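Right, one structure below, let's go through it.
The values are calculated or read from the model by the stated rules, or taken from the named source; none is laboratory data. Computed from a prediction, not measured in an experiment: that's the story for all the values here. Heads up, the Cβs are rebuilt from the backbone with ideal geometry, glycines too, and the neighbour counts pull from every protein chain shown. Accessible surface areas use protein heavy atoms only, side chains included; no ligands, DNA or RNA. Shrake-Rupley method; radii C 1.70, N 1.55, O 1.52, S 1.80 Å.
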Amino acid sequence: MVNLIIDGKNVKADKNMMVLEAARSAGIDIPTLCVHESVSRSGACRLCVVEIKKGSRTRIVTSCLYPVEEGLVVDTKTERVQNVRRLVLELLLARCPESDVLWKMAKEMGVEPQTRFAVDTDKGKCILCRSCVRVCEEIVGVSAIGLFNRGSHKTVGTPFMEKSDVCIGCGACVYVCPTGHIEMTSAGDKRKIWGRTFKMQACEKCGKYFAPIDQLKYISKKTGTPLKEMMICTNCR
Amino acid sequence: MMGSGGMIVMDESSCMVDVAKYFTTFLQEESCGKCVPCREGVRRMREILEDICTGKGKEGDVALLEKIATGVADGSLCALGGSAPNPVLSTIKYFREEYDAHIREHRCPAGVCKALITYSIDPEKCTGCGLCVKVCPTQATSGEKKKPHKIDNEKCTRCGACIESCKFDAITVK
């Protein structure tokens with residue numbers, strides 16, 4: 001266990017924790033967008049910034065990636081921290097004006113949209129946090145989607161924006177997306193995602209369509225479980 | 001100002017808002033796009049600088065630029081974002097009056113920002129040699145031989161070809 005001070009409070013934290021977890025365990029709220037329990041961290045959204053003090057020097061760091069240290073002094077609500085968070089939200093609101101998640105967050109933090117910025121119309125709700133790419137690579141293991149171009153031209157999608165052969169239609173990317181940018185529609189035995197239509201498997205017991213056949217085949221290949229044994233949905237198993 | 005260790009010498013014929021725009025455009029292209037302050041903040045700073053250079057600057061733009069600049073410097077993930085606002089911050093610090101001239105008076109003191117300048121021919125210096133008429137790509141300059149010429153500012157694209165061709169320094173930029 002290590003001892004650190006967050007917002008003047010003495011906090012005890014496990015030595016493997018990040019500042020974000022330590023603060024949350026002490027009941028101190030830090031806003032985040034790109035942090036998800038299932039995937040590795042990237043520090044892309046910069047909303048969780050805090051100010052740390054070492055000796056007489058202070059520094060702005062992302063709390064989601066900064067490990068706790070003995071005697072570390074952390075401030076989560078200084079003027080400098082608030083300015084960065086406000087700017088990030090103003091910039092994201094101008095990029096993704098349709099995102100209700102961002103609007104809710106802005107309201108909670110008392111941030112008004114910056115009217116001087118020309119609102120984007122072609123970016124959807126994507127904040128480019130890369131959570132979907134990470135889950136596809138780290139958890140699913142197929143790497144069907146990625147990021148293209150750099151800087152302000154950066155976009156997320158399948159290679160060359162064409163139908164991906166390796167996508168299994170599992171929808172994990174939809175699950176981790178913090179703003180709900182990725183579109184997945186299901187109708188009958190069809191599921192549409194990333195421009196491809198997947199055929200769904202009906203549960204042999206309840207008849208409900210529960211997973212794309214491609215996904216079941218992929219799991220069967222990876223785990224060695226015969227495909228026949230996976231025709232029953234998790235509720236009926 | 002740029003942090004590359006190089007030194008650029010500029011005189012009064014360089015517009016500092018245009019210089020800030022030039023470096024910010026470069027940095028926008030160089031940004032990897034991973035973190036929000038650098039990817040979005042630098043782009044928005046460039047948009048505002050572009051507006052100022054084309055006469056669409058608004059009162060309060062300088063304060064907003066300073067606000068974005070400090071946020072980008074503090075919040076960015078790597079050193080590129082950390083130093084990207086420097087061209088904006090240092091030009092504002094030392095040449096604030098140039099920003100004000102662009103925004104309030106729609107005037108570019110250095111005569112660089114094309115949307116804010118007009119060319120004219122000094123009739124006393126012009127000998128009517130006709131060189132400027134020959135080089136003008138849009139036929140904006142006209143006049144009889146050996147008589148002072150004129151520039152039609154509607155047609156003029158401020159390309160500067162006439163200024164380069166004039167041997168008598170008769171063309172002035174305002």
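A few comments on the model shown:
- Helical content of chain B, expressed as a calculated mean residue ellipticity at 222 nm, amounts to -13500 deg cm²/dmol (DSSP H runs of 4 or more residues, -39,500 (n - 2.57) each, divided by residue number, nearest 500).
- Global dimensions of segment A:15-161 from alpha-carbon coordinates: Rg and Dmax equal 16.7, 50 Å.
- Cut-off under 5 Å, modelled amide H: who pairs with residue A:211 long-range: A:201
- Residue A:24 exposes around 110 Å² of accessible area when a 1.4 Å probe is run over every protein chain in place.
- Take each residue in B:71-80, count the other chain C-beta atoms within 10 Å of its C-beta, and the mean is 5.
- q = 0.10, 0.12, 0.14, 0.19 Å⁻¹: log10 I(q)/I(0) that the Debye formula gives for segment A:131-230, counting C-alpha atoms only: -0.30, -0.42, -0.56, -0.98
- Along segment B:4-15 the Karplus relation, 6.51 cos²θ - 1.76 cosθ + 1.60 evaluated at θ = phi - 60°, assigns HN-Hα couplings of 8, x, x, 10, 10, 9, 10, 10, 5, 8, 9, 7 Hz to successive residues, with x for each Gly and Pro.
- Per-residue packing, averaged as other Cβ atoms within 10 Å, sorts the ranges A:222-229, A:118-125 into the order A:118-125, A:222-229, beginning with the highest.
- Chain A - mean residue ellipticity at 222 nm from DSSP helices (-39,500 (n - 2.57) per run, n ≥ 4, rounded to 500): -6500 deg cm²/dmol
- Take each residue in A:146-152, count the other chain C-beta atoms within 10 Å of its C-beta, and the mean is 5.
- According to the calculation over all Cα-Cα pairs in segment B:16-104, the P(r) per 10 Å bin from zero is 19, 56, 23, 2 %.
- Rounded accessible area of residue B:106 (nearest 10 Å², 1.4 Å probe): 90
- More than 21 Å apart - percent of Cα-Cα pairs taken over segment A:30-113: 34
- Per residue of B:56-67, other chain Cβ atoms within 10 Å of the residue Cβ number 1 on average.
- Inverse mean reciprocal Cα-Cα distance (Kirkwood Rh) of the protein assembly as shown, Å: 25.5
- Comparing Cα centroids, segment A:167-218 and segment A:140-162 end up 20 angstrom apart.
- Convex hull volume of the Cα atoms of chain B, normalised per residue: 126 Å³.
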